[in-house]
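Take a look at the structure set out below.
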Amino acid sequence: VLEARAGFYEKPIATLDFASLYPSIMMAYNLCYCTLVTPENARNLNIPPESVNKTPSGETFVKSNLQKGILPEILEELLAARGKGSP
């Protein structure tokens with residue numbers, strides 16, 4: 001991380017915030033140990049293919065419209081609290 005230098009810049013400066021990248025992915029795709037299902041279990045439970053998210057590595061997670069994951073729920077609360085800042 002570079003130290004910020006105050007001043008006027010004629011050329012735009014791009015900044016990236018990766019602080020919440022992984023939590024955002026987990027929330028968006030409902031990634032949690034309690035929403036992980038095997039393809040066989042998804043078929044046995046009659047979960048329609050449009051109700052699951054498949055990761056690039058082939059893991060299958062139930063979408064939040066069927067069951068909201070515990071970890072995404074906790075992460076949403078933590079990010080909301082972080083956004084409020086300290087008193």
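Each reported figure results from applying straightforward, stated rules to the coordinates on display, with no laboratory input. This is a predicted model, so every value here is computed, not measured.
With the contact rule set at Cα under 8 Å and sequence spacing of 6 or more, what percent relative contact order holds for the chain? Can you show the working numbers first?
Values: 66 pairs, mean separation 27.7, N = 87.
Averaging sequence separation for qualifying contacts and normalising by length gives 32 percent for the chain.
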Exercise. Could you name the lysines whose alpha carbon sits less than 22 Å from that of Lys63, not counting residues in the same chain fewer than 8 places away?
Key: Lys54
Quiz item: Quick one: Debye curve from the C-alpha atoms of the stretch 21-81, no solvent, what's log10 I(q)/I(0) at q = 0.20, 0.22 Å⁻¹?
Solution: -0.70, -0.82
Exercise. Hey, can you grab everything whose amide H is under 5 Å from the amide H of Val37? Only 5+ residues off in sequence or another chain; H modelled, so Pro and N-termini drop out.
Key: Thr60, Phe61, Val62
